[in-house]
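Q: Can you keep this structure in mind? I'll have questions shortly.
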Amino acid sequence: MLSKKVEKALNDQIRIEAESSQIYLSMASWAETQGFEGVSAFMYAHSDEERGHMLKLLKFVNERGGHAIVSELNAPPTSFGSFSGMFKTLFDHEVMVSGKINDLVDITLQEKDYATHNFLQWYVSEQIEEEALARTILDKINLIGDDKGGFYLFDNDIKLLTATPDTNQ
Ligand code: FEO
């Protein structure tokens, strides 16, 4: 059984993951309107992954006797200025999410909820991967600078980085 404190913290994380999915969906749509198919496909896939993260939490809360809450979400931005700006936003967002996961892990220790603590280790590992991926992409973009040909190649390249959903592990 979840304590009220852990249940609330997990529900807060459900909202964060759902908002992440919306942010990346908005990035996918914006990139698509700019004609960048590879970037757009990457963001659509990333949005799906975040929905997977949200669902995994939601099911866990209900399985443990809590009530997972599907709440109203903050609207994401609709345009992102530049690709470098957009990927910087993605990186900063993932760093923020990692911080929230760490806070959540901390709460499970305070509450001596070792089952939830164990469950959250998957998210800890996932955040390491997501931050590393975002950093790799940012490094590539910084190398390209303002070179249009470079962006064309990058758009092709990023298809290879398009993550396969691995939320069922
Ligand atoms: Fe589910 Fe990218 O954090």
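The values are calculated or read from the model by the stated rules, or taken from the named source; none is laboratory data. Because the structure is a prediction, the values reported are computed rather than measured. Don't worry about glycine lacking a Cβ; one is built from the backbone with ideal geometry, like all the others, and counts go over all protein chains shown.
Q: Which of the residues belonging to the range 87-116 are among the acidic types (D, E) and under 13 Å from the mean Cα position of the chain (by Cα)?
A: Matches in the range 87-116: D92, E94.
Q: Within the range 46-56, track down each residue that is more than 8 Å from the ligand (Cβ to nearest atom) and either polar (S, T, N, Q) or out of contact with any Pro (no Cβ under 7 Å at 6 or more places or on another chain) (or both).
A: If the condition is that a residue be more than 8 Å from the ligand (Cβ to nearest atom) and either polar (S, T, N, Q) or out of contact with any Pro (no Cβ under 7 Å at 6 or more places or on another chain) (or both), then S47, R51, L55, K56 are the ones that fit.
Q: Identify the single condition in (1) at pLDDT 95 or above; (2) under 18 Å from G38 (Cα atoms) that A134 does not satisfy, given that it satisfies every other one.
A: Evaluating A134 over (1) at pLDDT 95 or above; (2) under 18 Å from G38 (Cα atoms) leaves (1) as the failure.
Q: Restricting the search to the range 30-45, which residues are among the small types (G, A, S) and within 16 Å of the ligand (Cβ to nearest atom)?
A: A45
Q: With the structure loaded, tell me whether V97 is among the β-branched types (V, I, T) and in contact with a Gly (Cβ under 9 Å, 6 or more places away or on another chain) or whether it fails that test.
A: no
Q: Quick one: I128 ticks every box in (1) of a type in the set (V, I, T); (2) surrounded by fewer than 17 Cβ atoms within 10 Å (Cβ to Cβ); (3) in contact with a helix residue (DSSP H, G or I) (Cβ under 6 Å, 6 or more places away or on another chain) except a single one, so which number is it?
A: That leaves (3) as the condition not met.
Q: Give just the number: which of (1) under 23 Å from A132 (Cβ atoms); (2) more than 17 Å from the chain's Cα centre (by Cα); (3) modelled with pLDDT of 95 or more does F83 not satisfy?
A: Going through (1) under 23 Å from A132 (Cβ atoms); (2) more than 17 Å from the chain's Cα centre (by Cα); (3) modelled with pLDDT of 95 or more one by one, F83 breaks only (3).
Q: Working carefully through the options F42, F80, find the one that is surrounded by 20 or more Cβ atoms within 10 Å (Cβ to Cβ), in contact with a Ser or Thr (Cβ under 8 Å, 6 or more places away or on another chain) and within 22 Å of L160 (Cα to Cα).
A: F42
Q: Now a separate question. Kindly evaluate G66 against the criterion of being over 19 Å from L138 (Cα atoms) and at pLDDT below 95.
A: no
Q: Kindly provide the set of residues from the range 85-118 that are closer than 23 Å to G65 by Cα and of a type in the set (G, A, S), ordered by number.
A: The answer is A115, and nothing else.
Q: Something else: Counting just the residues of the range 95-118 that are within 16 Å of the ligand (Cβ to nearest atom) and under 17 Å from S3 (Cα atoms), which one comes out surrounded by the most Cβ atoms within 10 Å (Cβ to Cβ)?
A: Checked the range 95-118; the qualifying residue surrounded by the most Cβ atoms within 10 Å (Cβ to Cβ) is L104.
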